[in-house]
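Colleague: Below is one structure. I have some questions about it.
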């Protein structure tokens, strides 16, 4: 088992025209359970994973045949952009409204307040988009043409 950890391989999910590569140490969800991939042994057809449990973290071995579905987590430009937008819009609107009423109806101050708070929201959204990965849709093996292959 120790050699599997030292020389562990990445996990490849494939279909006819696409490959999803899960590197060792990355988080993924297999059959509705959250894991961290430790090693993949293609010759023996099993995965060594660390299961994320609230009480404890347990090492587990899964055979390729037991994997029915999976989700992977990605830090993509799409998730980054949507996080920035989701952070900017509410902060800008709320900041603009608060500034408008605080400054007795001054629209320039409302604009400035919206711009200021929108920048704060954009920064917070950017940090969120960089640090927190986005989960993919659940992919079902065999049914959707996906399989595990080297």
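Colleague: Here is a list: 92, 110, 126. Which entry is more than 14 Å from the chain's Cα centre (by Cα), modelled with pLDDT under 85 and assigned to a helix (DSSP H, G or I)? Before you say what the answer is, go through the steps one by one.
Modeller: Numbers: 92 fails: modelled with pLDDT under 85; 110 fails: modelled with pLDDT under 85.
Sole residue among the options that is more than 14 Å from the chain's Cα centre (by Cα), modelled with pLDDT under 85 and assigned to a helix (DSSP H, G or I): 126.
Colleague: Need pairs with beta-carbon distance below 6 Å; first residue closer than 30 Å to residue 133 by Cα and within the range 79-107, second at pLDDT below 80 and not in a helix (DSSP H, G or I); sequence gap 6+ or separate chains.
Modeller: 79/134
Colleague: Which is under 14 Å from the mean Cα position of the chain (by Cα) and not in a helix (DSSP H, G or I), of 137, 144? Lay out the reasoning, then the answer.
Modeller: Working: 144 fails: under 14 Å from the mean Cα position of the chain (by Cα).
Selected residue: 137, the only one of 137, 144 that is under 14 Å from the mean Cα position of the chain (by Cα) and not in a helix (DSSP H, G or I).
Colleague: Listed residues 66, 39, 43; which is within 25 Å of residue 13 (Cβ to Cβ), out of contact with any helix residue (DSSP H, G or I) (no Cβ under 9 Å at 6 or more places or on another chain), in contact (Cβ under 8 Å) with a residue 24 or more places away in the chain and assigned by TED's automatic domain parsing to the domain that holds residue 23?
Modeller: 66
Colleague: Can you go through 86, 34, 71 and tell me which one is surrounded by 15 or more Cβ atoms within 10 Å (Cβ to Cβ) and modelled with pLDDT under 85?
Modeller: None of the others qualify; the one that does is 86.
Colleague: Now, a different point. Can you say whether residue 49 is in a strand (DSSP E or B), in the same structural domain as residue 13 (by TED's automatic domain parsing) and either surrounded by 16 or more Cβ atoms within 10 Å (Cβ to Cβ) or touching a residue at least 12 places away in the same chain (Cβ under 8 Å) (or both), as far as the supplied structure shows?
Modeller: Answer is yes for this residue.
The values are calculated or read from the model by the stated rules, or taken from the named source; none is laboratory data. Fair warning: this is a prediction, and the values are worked out from it, not measured in the lab. Here the Cβ is made from the backbone with ideal geometry for all residues, glycine too, and neighbour counts use every protein chain on show.
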